[in-house]
Each structure stands twice: as structure tokens, then as C-alpha cells.
Amino acid sequence: MGNTGRKTISIYLVDAFTKEPFKGNPAAVCILQNKLEDNILQFIASEMNLSETAFLRSLEEKPFEETKTFSLRWFTPTVEVPLCGHATLAAATVLFYDINILKDELMFETKSGILSAKKEKNGICLDFPQDEPIEISPPQDIISAIAITNFKNVAYGKRTKILLVHLFNEEDVKSLKPNYELVKSIRAREKIKGVIVTASGMPPYHFISRFFAPWVGINEDPVTGAAHTVLAPYWSKILKKKKMLAYQASQRGGELTVRLKPDDRIDLTGNAVIVLKGKLYL
């Protein structure tokens, strides 16, 4: 079947939380002119098979380049998620640097409320809600499935439903080899959406992490903005700092600056690179 008469949407592939292509966390960004049914959005995200696909739609009756407020939704290959940092950074990068939006600040209406993205000298700054984790008793089945044998502390972010496990050193984080099939077999999805493992970092990084979310179709996420809404307040208490440089030690790797604000919000600042632009035929 040819493409004649089929609807198209603009689609981008963006590597987020990196200055180099083929590193950081890849996200697809789709520009919608009109609403699409949720099942179509899920089909597209499954087809892209990336940790997240972002869907952008203007909420203003203006030329696109003059718009400031957008609807933003994020889908993994299997489910919609309420918050995603790297795909938000990817979406803002497309708007600022390809569509050439005239504003220096954008507003996104999302399932986690209003989020903003601001163009700055050192990258794009995202304004997200903090999720300060609370200490909990270790869920031993998950700890064992992730292949963790020794840890300092375990905490839980109620907003994000993310479990945080503080390991003893950087090498413990980097060498970890979870049993993903065993993790997926544990019925934890309603209470736990993902697991962070973290430790203090070597300079220039204040802390490092990895993030696993097999329950939502992502064994290991390369760089995770939402996880840093949990990590930043956790490490701020330990290090007595409000601004920190973080590194996510996945195979692709990526970095971001985190800064805690007094209103239970957090700034996540990073860079991104557009690596592909095209049309998606429906």
C-alpha cells in the first residue's frame, strides 16, 4: 500500500541529557495537529519502541511558532506514564531549535500538572515537582531480583512510585546485573513503577545512578529525569547541597544538573541533540 492520501504527523528522534548524538536517552517526539485516540498514541509508542514517545499539541489558536502552551503526554511501548524528564527535554529541544518557537519559556499541560521549560545558556531548564523519598523497610524480593546483596539504605518516592536503593560505592552501581524476568514476575506494579540504584560519584559528579522499570516495559532507562526528582532531595540531605551534578551510569550514559527550590519544585537542566526528523504515516 502506498502513502497516497494517508495522514502524516511530524516525528523527531532526540537524544536527551547529552551534547553528543547516540548517547543520553533517545526519545521520539510527535507533533500533533489534532487529538488522536489513546490507542493510536500507544500503537505509535510501541512502534517506536523507545523508553518514551512524547506527543505535543498546541493549546493556543496562534501560528505554531508563536505558541507558548502545549499539551504534552508520554507513552512507553506498553503504557502511558504521568511524568517523564528526558522526553520533556526532547520536546522542548524540538520546539526551541527546529520549530524555532519565539518564546524563551514554554508551558506544558501534563498529567503531573503544569511543567515549564526555559532556554538557558547551559541548556534547557525543566521545572518539575520534587518527590522527597521516605525510608522504608527493604522489599527483599525486589532487592534480590535486582541482584543487590549489600546496601546502605532504601527509600520510596510516593509521587513517582519509585524505589531508591543506596549502594556503598560507584562500582556497585555500575556492575549490577538485574534479573529482569524475575523482576517482572514480582507483582509490584501498583506500588512500584521503577527502581533506582545510587551511590556517591567521583568528581565532577556528586552522585550517580541507574534506573530499572521492567514493569512498564523498560528494563533499564538510559537517563531518567523523573528519577532525579527523587534522587535530588535524597542526596541534598546527605551532601547538604541544593545544586548538584548527576550522572546516570547506563551503557549510553548522560548527565544533568539538579537544583532544589524552596517550593517543593526542582530544576533539571540538560542538553539534547536532534538526530532524526521525518513524517509518520498513519
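Laboratory data are not the source of any read-out in this text; all were calculated from the coordinates shown. Given the structure is predicted, the values throughout are model-derived calculations rather than measurements. Every residue, glycine as well, gets a Cβ built from its backbone with ideal geometry; the counts of neighbours run over all protein chains shown.
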Neighbour net charge for PRO82 - beta-carbon separation under 11 angstrom, K R +1, D E -1: +4
Looking at the range 134-263, what % of its DSSP beta bridges pair antiparallel, to the nearest 5? 75 percent
Percent RCO, i.e. relative contact order, over the chain, from Cα pairs under 8 Å lying at least 6 residues apart: 23 percent
Multiply the residue gap between TYR97 and VAL79 by 0.36 nm, knock off their C-alpha separation, and tell me the result in nm, one decimal place. 3.6 nm
Looks like the range 14-113, by Cα gyration tensor root eigenvalues a ≥ b ≥ c and the a/c under 1.5 rounded cutoff (else prolate when a/b is bigger than b/c, oblate otherwise), is oblate
Pairwise label distance in nanometres, LYS261 with LEU245, each label 7 Å out on the Cα-Cβ vector: 2.3 nm
So, R0 is 25 Å and r is the distance between the beta-carbons of ILE238 and SER144; what FRET efficiency does that work out to, to 0.05? 0.50
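Using the Cβ atoms and a cut-off under 14 Å, what net charge is assigned to the surroundings of LYS261, where Lys and Arg are +1 and Asp and Glu are -1? Kindly include the intermediate steps, with their values, before the conclusion.
On the way: positive: LYS118, LYS241, LYS242, LYS243, ARG259, ARG265; negative: ASP127, ASP131, GLU132, ASP263, ASP264, ASP267.
Here the count lands on 0.
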Pick from SER209, SER46, SER137 the residue whose mean-square fluctuation is largest in a GNM of the chain, springs joining Cα atoms under 10 Å. SER137
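Compute the length gained on full extension between GLU65 and ILE274: take 0.36 nm times their separation in residues and subtract their Cα-Cα distance, giving the result in nm to one decimal. Walk me through the numbers on the way to the answer.
Details: separation 209, 0.36 × 209 = 75.24 nm, distance 1.79 nm.
Stretched fully, the GLU65-ILE274 segment lengthens by 73.4 nm.
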Reported to two decimal places, what Rg/Rh ratio describes the chain when computed on Cα atoms with Rh from the Kirkwood expression? 0.97
Given contacts defined as C-alpha pairs under 8 Å and at least six residues apart, what's the relative contact order of the range 1-76, whole-number percent? 24 percent
If each of LYS191 and LYS158 carries a label point 7 Å out from its Cα toward its Cβ, how far apart are those two points in nm? 1.5 nm
Treat the count of other C-beta atoms within 10 Å as a stand-in for reagent exposure and order GLU255, GLU181, GLU61 from fewest to most. GLU61, GLU181, GLU255
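Among 9-17, 125-133, how do they line up by average Cβ neighbours within 10 Å per residue, starting with the highest? Numbers along the way, then the final one.
Values: 9-17: 23.3, 125-133: 20.9.
Ranked from most to least packed, the peptides come out as 9-17, 125-133.
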Sort 142-152, 218-228 by packing, meaning the average of other beta carbons within 10 Å per residue, with the highest value first. 218-228, 142-152
Residue by residue through the range 52-59, which ³J(HN,Hα) values in whole Hz follow from phi under the Karplus form 6.51 cos²θ - 1.76 cosθ + 1.60 (θ = phi - 60°), with glycine and proline marked x? 9, 10, 9, 10, 10, 9, 5, 10
Mind running the shape call on the range 110-206? Use the C-alpha gyration tensor, a ≥ b ≥ c as the square roots of the eigenvalues: rounded below 1.5 for a/c, prolate if a/b tops b/c, oblate otherwise. oblate
